[in-house]
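Taken together, the values in this text are just the output of simple stated rules run on the coordinates, not laboratory data. All values reported here derive from a predicted model rather than from experimental measurement. So basically every Cβ, Gly included, is an ideal-geometry build from the backbone, and we count neighbours across all protein chains shown.
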Amino acid sequence: MKKINVLFILLLVFSITKAQKPFIQNYDEVVAKATSELDSSMQSGALKEFAVKSGIKGEYIMDITIHERGKVLTVYAVSNDTDDLKMQNRLKDFIRTMEFAFKVTKNKNYKFQYTFHFN
């Protein structure tokens, strides 16, 4: 019985550590990982589904700030090639709810610019 309890505890600890998000501190690595995740989401993920459902078209350049647990802190529209402010704000609101699959240093923000291309 004691061996079963030890095995259960080891499995539990392993599953908890495996489920944690990777921790990234380097600015360039944070931007590269975030850009990669955004690219992937634009191709076949939540961003693509959202854009199709909302009818978003065109190019939008956004400043995105990530903090602590990979959550988006701020989104600022730099420019876009449409005059549809409603779509821009809808996209900003959606991006603001995103959470990346990595953690960053507490009390430190990582700001980068990303260009969204919707067909």
Problem - region 24-119: trypsin sites (Lys or Arg not before Pro) falling in loop per DSSP and having at most 16 other Cβ within 10 Å - result: 57, 69, 106, 108
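For region 23-118, what mean projected area does the convex hull of the alpha carbons give, in nm²? Mind showing how you got there, number by number?
Values: hull surface 21.6 nm².
Directional mean of the projected Cα hull area for region 23-118 stands at 5.4 nm².
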Problem - Karplus-derived HN-Hα couplings along region 90-106 (A = 6.51, B = -1.76, C = 1.60, θ = phi - 60°), whole Hz, x at Gly and Pro - result: 5, 5, 4, 5, 5, 4, 4, 8, 6, 9, 7, 8, 8, 10, 10, 4, 4
Completion exercise
Under 5 Å from the placed amide H of residue 70, counting only residues 5+ away or on other chains, we find 104
Practice task
For region 57-64, take each phi angle, set θ = phi - 60°, evaluate the Karplus expression 6.51 cos²θ - 1.76 cosθ + 1.60, and give the result in whole Hz per residue in order, putting x for glycine and proline.
Solution key: 9, x, 10, 10, 9, 10, 8, 10
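So which GluC sites (Glu not before Pro) in region 53-119 pass both tests, a DSSP loop state and at most 14 other Cβ atoms within 10 Å of the Cβ?
Values: sites: 59, 68, 99; in loops: 68.
The qualifying sites are 68.
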